[in-house]
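A short worksheet on the structure shown next.
The values are calculated or read from the model by the stated rules, or taken from the named source; none is laboratory data. Keep in mind that what you see is a predicted model, and the values were worked out from it rather than measured. All Cβ positions, glycine included, derive from the backbone under ideal geometry; neighbour counts span all protein chains shown. We work out accessible area using only protein heavy atoms, side chains counted, and drop any ligands, DNA or RNA first. Shrake-Rupley method; radii C 1.70, N 1.55, O 1.52, S 1.80 Å.
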Amino acid sequence: MLNFFKGKWSALISGFSISMLFILTLYVLNTPVGMSDAYLKISDYCRDSINMRRVAENFPFDWQTAFLVGIAIGAVLASLAGGTWRLRIIPEDVKSKSGTMGAFGVSAIQSVAGGFLVMTGLQFAGDSFIGQWAAAMQLSTGAWIFIFSFIIWGVVFSGVSRASGGKTSPQKKGKPDK
Amino acid sequence: MEPLSLSGTPRLIAGLLLGTAFGFFLIQSEVAWRKTMLDQLSMKNGKFFKVLFSSLAIGAVLFYFAKNYGIVQIQTRPAFFWGSVTGGMLFAGGIALCGQFPDGAVASLATGKIYSLWTFIGMLLALPSVHFVSKKLSETIYKWPAPSFYADRMEKLFSSAHNLYFWVAAFSVLMFFFFEFIQGGGEEDSEEKAEKD
């Protein structure tokens, strides 16, 4: 039984667990599952803190931000149980000819730009990714269009990235660092 | 039966507990890892889409019965056709670069992957930027006419199909097997594989 919580899960077990969790969330909270409002509140909170040049009081703690804090707690528990907790500053697949600092810079730029596009896309679509996921279960047409748009364009962009020499996977490494 | 619809402190605690379970599932299923997502898009490992479609298959059937027994109600945000299309495209472009979705980035950051902080910063920067251009968006993609067959609910879109939840579940099962046969995946831990490579 303990091994079940330590080992990685198959796609079916993972899918079953996530679908049960979404149904439970709908039953307990009776609200759309998405977290987009939580990110908006955190962004506003950070903006206020930057404007005031000190940490703003009254962190917006509601069920959505609590859910995000919960995600962090659950992830720590799972990674400690499974032995996958590792401190990493640079993603394992990012290599640069300029060495560690170059890889750090490349990964930082890629991640900020990627994160920016990810959130912009979600704002356009009107909900966070798990909101779209839960809405697709409830047969929202917009969520299914979003998912198919993501799958098609994701494969296209990934192919373009590889064709243009982008390193998105360890199997396609450049020269090893000197 | 009716949904619990908790409020106040119990709602907050429920959010925390549900989030904890979700964070646990994200790590156990490996969908929070950057490598799982990038390998999925480069068609090397089908784990992410298999998790997605298996959950949609099971979830659609579960939701159908739960809705019929009054346990849950339909709770979705309004969606616009062109907003979903362009949103999915931008989201895909971002994922191809950083390999993480917002909740996955939170989970990844909590497991020591400091580089996820950059992704999170990018996401937080996007929010005021989108807010800044929101008026322009309201006048463009949210107003562009959707195709004539479009309806916000799939029941309206396929009104002739009997019990659409089961059809959607069957389609999701097909997609699951499609990714299973063309990509497989999940045999080796993504993190371990990356370490070996």
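What to note about this one:
- Buried on assembly, region A:51-79 (at least 30 Å² less accessible surface than by itself, 1.4 Å probe): A:F61, A:W63, A:A66, A:F67, A:G70, A:I71, A:G74, A:A75, A:A78
- Between A and B, roughly 11000 Å² of accessible area is buried in total, ligands, DNA and RNA not counted and the probe set to 1.4 Å.
- Once backbone amide H atoms are built at 1.01 Å from N, B:R153 has A:T141 as its partners under 5 Å, excluding neighbours fewer than 5 places away on the same chain.
- Annotation: chain A has a Kirkwood hydrodynamic radius of 19.5 angstrom, from the mean reciprocal C-alpha pair distance.
- The angle between the Cα long axis of helix A:11-29 and the main principal axis of chain A comes to about 40°, on a 0 to 90 degree scale.
- In degrees, nearest ten, helix A:141-163 long axis to first principal axis of chain A (Cα): 10 degrees
- For region B:67-108, the orientation-averaged shadow of the C-alpha convex hull comes to 4.8 nm² (one quarter of the hull surface).
- Surface share of carbon and sulfur [accessible, 1.4 angstrom probe, percent] for chain B: 68 percent
- Calculated from backbone phi, Karplus (6.51, -1.76, 1.60) coupling profile of region A:123-134 in Hz, x at Gly/Pro: 5, 4, 6, x, 6, 6, 5, 6, x, 5, 4, 5
- For region A:30-135, the C-alpha radius of gyration sits at 1.31 times the compact-globule guess of 2.2 N^0.38 Å, with N the residue count.
- Accessible surface, per residue, of region B:8-196 when the full set of protein chains is kept, probe 1.4 Å, Å²: 41 Å²
- Distance distribution note for region B:10-79: the fraction of Cα pairs above 20 angstrom is 52%.
- Stokes-Einstein diffusion coefficient of region B:8-196, Kirkwood radius over Cα pairs, 25 °C, 0.890 mPa s, in µm²/s: 128 µm²/s
- Evaluated at q = 0.13, 0.16, 0.18 Å⁻¹: base-10 log I(q)/I(0), Debye formula over Cα of region A:16-87: -0.55, -0.77, -0.88
- Modelled spin-label separation between B:I74 and B:W167, with each label point placed 7 Å from Cα along the Cα-to-Cβ direction: 1.5 nm.
- Only protein heavy atoms count here; under a 1.4 Å probe, B:K143 has an accessible surface of about 150 Å².
- Its convex hull of Cα atoms gives the protein assembly as shown a direction-averaged projected area, equal to a quarter of the hull surface, of 19.7 nm².
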